[in-house]
Amino acid sequence: MPKQQDMTKNQWWTDRQVAEFFNVSRPTIWKWAKVLDGFPKPHKFGHTTRFSADAVRAYQGTGTTA
């Protein structure tokens, strides 16, 4: 599990950080983003893609991961 204090400082998380947060693989995060209703969608920033940390935390509270 990633250090919560480090991850909460960032507004945008990488797929790696999201995977660590849910304790799953990076491909699982991308699959969830594609097929699960309500899972946070990634946002492109130039050549990078990030997930909103607030949206990820809010989604975790729903308890609807596959």
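In the stretch 17-66, a dipole from Cβ-located charges (positive for Lys and Arg, negative for Asp and Glu) runs towards its positive end, and of F45, G61, A19 it is F45 whose Cα lies farthest in that direction. Charge dipole of the stretch 17-66 (Cα centre as origin; +1 on each Lys and Arg Cβ, -1 on each Asp and Glu Cβ, all else neutral): 180 debye, rounded to the nearest 20.
In plain terms, if you count all Cα to Cα distances in the stretch 17-66 and split them into 10 Å steps from zero, the share in each step is 25, 64, 11, 0 percent.
Taking 0.36 nm per residue of separation and subtracting the current Cα-Cα distance, fully stretching the chain between F45 and R26 would add 5.0 nm.
Throughout, read-outs are computed from the coordinates displayed, never taken from laboratory work. This is a predicted model, so every value here is computed, not measured. Every residue, glycine among them, receives a Cβ derived from its backbone with ideal geometry; neighbour counts consider all protein chains shown.
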